[in-house]
Amino acid sequence: MDRNIFTPEASFTIDELEARFPPRDLPAGACVTRFGPSPTGSMHIGGLYTSLVSRRVAHQSGGLFYLRIEDTDRKREVAGTVELILASLATYGLSPDEGEIADGKEIGQYGPYRQSERKPIYQSCVRWLLEQGHAYPCFASAEELQALRDAQAKHKVPPGYWGTWAIWRDKTAADVDAALAASQPFVIRLRSTGGRDERVTLPDTIRESLEFPANQTDVVLLKADGMPTYHLAHVVDDHFMRTTDVVRGNEWLASYPMHAEMFKLFGWVPPRFAHISPIEKNDGSSRRKLSKRSDPEASVGWYMEAGYPRDAVIEYLLNLIDGRFEDWRAANPGVSNEDFTIELERMNRAGALFDLAKLDSVSRDLVGAMSAGAIYDAALVWASDHASEFATRFGADGAYSQAILDIERHGERPRKDIVKWSDLAPDIGYFFDDTYAGLLPEAQTALAALQPAPPEGMLAAIAAAYDPALDRDQWLEWLRALGLSYGYAANVKAFKAAPDAFRGHFGDLAGALRIVLAARRNTPDLFELMQVLGKDRVVARLGAAAGW
RNA sequence: GGCCUGUUCGUCCAGUGGUUAGGACGCGGCCCUUUCACGGCUGAAACACGGGUUCGAAUCCCGUACGGGUCACCA
């Protein structure tokens, strides 16, 4: 059987492997956790969520977090995914301490960290199981397995390769040799020891303890191509990589008894398990897992492209992990979210529904607390990757861009209008002359439709008299007086008291100026806006508009 | 279908036998105001259902309903 499934290198004894991957030298209580994505095309937000939990649990205990690429299914593998995963983790500050870090480069003594390169390790372990009688070869074809399931359905018996249904479980050596001689493809299966009505109680960090029927399935350990299944790879890797805490989605709950059985047969102490609930979304009247297929926001790339600040995504996720994070954040403004302690025991058992509005709110608050310089730096990094045209404009004059961002940002109650970096281009584009030029048609239409229309000569008069040296109060006084001379009441109250006596009120005048200067009605503070635009732009734009 | 698991405002959480069931996001109103955003005040909004146990149940027990997961040579 060795000839067509085992590689010649698969000759380690268990003791040799134990010596090669010794227990880690870490302080007592330190947790070793991992993220084990399979490289099938994209990075799911759930992977980021799991990584965040795992990494924090490890770091806050003085342990480490490693990355293991679970690429045992060559059919599903999509080139470039590992790079994408690495970039996603790096973007959100979740880079692993150990494992693959960049184009094939690894750090750590417990590798290789790609399962496809660990074949000899898995196979050596399977050899041992074979020797112990805990595993056996199975030559059943896909058709035979299907026939098996059909028969089981007919007999109303649980489907699967178990008990007396496990046709190769008790074949004689002669039968095996004959199949081998005929070069039939085969797999290696676990010889399950679970009893018919046996039940097992297994610990779980989040749910305390769980009771299941014992595993009875002779699950496939080694596939016909010699690669391990997830089940075998998980048990072998988490043992030899010395994982202390497996944090994984609760879709693994059902196979937990099987994994527990394998740890037992190997004679290994299993790690602690924390099965976390997936992030879901509403779908009509029911809820379901976020799916990469139909939900763009399921993909980490979506957040990267939109330019959500790193900590916005992280803090939103921390909120899902533990609702008390929000209170902690309110009580500890400005403190790094790394100082917030995660407790697996407190994690919610039910799946959380993804809420973009909440993410936006978290992000808005976070950006609101950032300095103009910090926003500039982060946004420029984002723009150079995702919006090159904007990056050119935005980066051309850093001082000007930062002055734009600083409008209404330096006081007690900073402006909160930026959610994500991709908001920037449409929101502040008008500060840049070339973008402003493109907006002119809209501005002209808006001004023409404006009620009350600005009177003849007023814009030119404002342009002629604008003095950027005035402070805010002086500027207001000046503009109010000028407006009054053109029939604009100084405030709404005066206007409402005698609506027929005025053309409009000061707000109407400010609205007209906004349209002309910014090509839109909604802008930050007009005084600061004009300050930042500078006298030349203000005069030029007002002057041009006088002739529209 | 079997097995596992879950169910407090629309959403995320708090609540571990006695609370007017609390907060946050979102939504509505009012105020502030040169628009927008901010900020302040305020409103609507929940214990899935049915039985127990108990002086008393969102909280403990049992059922029911409805979700989710899983039953692959995918992870």
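The values are calculated or read from the model by the stated rules, or taken from the named source; none is laboratory data. Everything numeric here is computed off the predicted structure, so don't read it as measured data. Cβ placement follows ideal geometry from the backbone for every residue including glycine, while neighbour counts extend to all protein chains displayed.
Within the stretch A:185-206, is even one residue among the hydrophobic types (A, V, I, L, M, F, W, C), in contact (Cβ under 8 Å) with a residue 24 or more places away in the chain, within 26 Å of A:Ile321 (Cβ to Cβ) and surrounded by 15 or more Cβ atoms within 10 Å (Cβ to Cβ)? Break it down stepwise before answering.
Of all residues in the stretch A:185-206, those among the hydrophobic types (A, V, I, L, M, F, W, C) come to A:186-188, A:190, A:200, A:202, A:206.
Filter once more, so that each one left must be in contact (Cβ under 8 Å) with a residue 24 or more places away in the chain: A:186-188, A:190, A:200, A:202, A:206.
Of the ones still in play, those that are also within 26 Å of A:Ile321 (Cβ to Cβ) are A:202, A:206.
In the following step, the residues that additionally are surrounded by 15 or more Cβ atoms within 10 Å (Cβ to Cβ) were identified as A:202, A:206.
Yes, some residue in the stretch A:185-206 is among the hydrophobic types (A, V, I, L, M, F, W, C), in contact (Cβ under 8 Å) with a residue 24 or more places away in the chain, within 26 Å of A:Ile321 (Cβ to Cβ) and surrounded by 15 or more Cβ atoms within 10 Å (Cβ to Cβ).
Applying the condition of being surrounded by fewer than 23 Cβ atoms within 10 Å (Cβ to Cβ) and outside any helix (DSSP H, G or I) to the stretch A:246-259 and asking which residue is modelled with the lowest pLDDT yields A:Gly249.
Whether any residue in the stretch A:473-481 is of a type in the set (S, T, N, Q), out of contact with any Asp or Glu (no Cβ under 6 Å at 6 or more places or on another chain) and either under 20 Å from A:Tyr400 (Cα atoms) or not in a helix (DSSP H, G or I) (or both) is what I want to check. If you could, list the steps in order and put the result at the bottom.
As a first pass, look at the stretch A:473-481 and keep what is of a type in the set (S, T, N, Q): A:474.
Applying the additional criterion that residues be out of contact with any Asp or Glu (no Cβ under 6 Å at 6 or more places or on another chain) yields A:474.
Then keep just the ones that are either under 20 Å from A:Tyr400 (Cα atoms) or not in a helix (DSSP H, G or I) (or both); that gives none.
No, the stretch A:473-481 contains no residue that is of a type in the set (S, T, N, Q), out of contact with any Asp or Glu (no Cβ under 6 Å at 6 or more places or on another chain) and either under 20 Å from A:Tyr400 (Cα atoms) or not in a helix (DSSP H, G or I) (or both).
Among the candidates A:Ser124, A:Ser141, the residue that is hydroxyl-bearing (Ser, Thr, Tyr), within 9 Å of RNA strand B (Cβ to nearest atom) and within 42 Å of the chain's Cα centre (by Cα) is uniquely A:Ser141.
Among the residues making up the stretch A:220-239, a single one is assigned to a loop (DSSP other than H, G, I, E, B) and more than 7 Å from RNA strand B (Cβ to nearest atom): A:Gly226. Scanning the stretch A:331-386 for residues that are among the charged types (D, E, K, R) and within 27 Å of A:Ser61 (Cβ to Cβ) returns A:Glu338, A:Asp339, A:Glu343, A:Glu345, A:Arg346, A:Arg349.
Of all the numbered requirements in (1) within 9 Å of RNA strand B (Cβ to nearest atom); (2) farther than 22 Å from A:Leu253 by Cα; (3) assigned to a loop (DSSP other than H, G, I, E, B), A:Ile206 misses one, and that requirement is (2). Filtered by the rule that a residue be closer than 14 Å to A:Phe432 by Cα and within 10 Å of RNA strand B (Cβ to nearest atom), the stretch A:504-519 gives a lone residue, A:Ala518.
Yes/no per residue for (1) among the hydrophobic types (A, V, I, L, M, F, W, C); (2) out of contact with any helix residue (DSSP H, G or I) (no Cβ under 9 Å at 6 or more places or on another chain); (3) in a helix (DSSP H, G or I):
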position	(1), (2), (3)
A:Leu129	yes, no, yes
A:Trp168	yes, no, no
A:Lys171	no, no, no
A:Ile188	yes, no, no
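In the set (1) within 15 Å of RNA strand B (Cβ to nearest atom); (2) within 26 Å of A:Leu318 (Cβ to Cβ); (3) in contact with a helix residue (DSSP H, G or I) (Cβ under 6 Å, 6 or more places away or on another chain), the condition left unmet by A:Leu67 is number (3).
Quick check on the stretch A:190-198. Is at least one of its residues over 15 Å from A:Gln216 (Cα atoms) and among the acidic types (Asp, Glu)? Checked the stretch A:190-198: no residue is over 15 Å from A:Gln216 (Cα atoms) and among the acidic types (Asp, Glu). Pick from A:Glu100, A:Glu106: which is of a type in the set (D, E, K, R), away from RNA strand B (no atom under 13 Å from the Cβ), in contact with a helix residue (DSSP H, G or I) (Cβ under 7 Å, 6 or more places away or on another chain) and modelled with pLDDT under 95? Of A:Glu100, A:Glu106, the one residue that is of a type in the set (D, E, K, R), away from RNA strand B (no atom under 13 Å from the Cβ), in contact with a helix residue (DSSP H, G or I) (Cβ under 7 Å, 6 or more places away or on another chain) and modelled with pLDDT under 95 is A:Glu100.
A quick yes/no check of all residues on (1) under 25 Å from A:Arg409 (Cα atoms); (2) more than 16 Å from RNA strand B (Cβ to nearest atom):
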{"position": "A:Gly301", "(1), (2)": "no, yes"}
{"position": "A:Gly323", "(1), (2)": "no, no"}
{"position": "A:Arg329", "(1), (2)": "yes, no"}
{"position": "A:Asn348", "(1), (2)": "no, no"}
{"position": "A:Ala378", "(1), (2)": "yes, yes"}
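Scanning the stretch A:482-503 for residues that are within 14 Å of RNA strand B (Cβ to nearest atom) and either part of a helix (DSSP H, G or I) or under 17 Å from A:Gly543 (Cβ atoms) (or both) yields A:Leu482, A:Gly483, A:Leu484, A:Val492, A:Lys493, A:Ala494, A:Phe495, A:Lys496. Among residues of the stretch A:532-548 that are in contact (Cβ under 8 Å) with a residue 12 or more places away in the chain and charged (D, E, K, R), those with a Cβ under 7 angstrom from a residue that is outside any helix (DSSP H, G or I) and buried (at least 16 other Cβ atoms within 10 Å of the Cβ), sequence gap 6+ or separate chain, pair up as A:Lys535/A:Tyr466.
Does A:Ala153 satisfy the condition of being more than 30 Å from A:Asp177 (Cβ to Cβ), within 15 Å of RNA strand B (Cβ to nearest atom) and part of a helix (DSSP H, G or I)? Yes; evaluated as a whole, the condition is true for this residue.
Can you tell me which of A:Ala437, A:Ala425 is touching a residue at least 24 places away in the same chain (Cβ under 8 Å) and either among the hydrophobic types (A, V, I, L, M, F, W, C) or closer than 16 Å to A:Gly534 by Cβ (or both)?
Numbers: A:Ala437 fails: touching a residue at least 24 places away in the same chain (Cβ under 8 Å).
Only one candidate qualifies: A:Ala425.
Residues checked against (1) more than 29 Å from the chain's Cα centre (by Cα); (2) assigned to a loop (DSSP other than H, G, I, E, B); (3) over 28 Å from A:Val335 (Cα atoms); (4) in contact (Cβ under 8 Å) with a residue 12 or more places away in the chain:
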position	(1), (2), (3), (4)
A:Arg364	no, no, no, yes
A:Val367	no, no, no, yes
A:Ala378	no, no, no, yes
A:Val381	no, no, no, no
A:Ser384	no, no, yes, no
A:Glu408	yes, yes, no, yes
A:Arg413	yes, yes, no, no
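Quick check on the stretch A:470-488: of everything there that is touching a Leu at 6+ places or on another chain (Cβ under 9 Å) and within 12 Å of A:Met458 (Cα to Cα), which residue is surrounded by the most Cβ atoms within 10 Å (Cβ to Cβ)? Checked the stretch A:470-488; the qualifying residue surrounded by the most Cβ atoms within 10 Å (Cβ to Cβ) is A:Tyr488. Given the criteria of a type in the set (Ser, Thr, Tyr), part of a helix (DSSP H, G or I) and in contact with a Phe, Trp or Tyr (Cβ under 8 Å, 6 or more places away or on another chain), does A:Ser124 qualify? Yes, satisfied.
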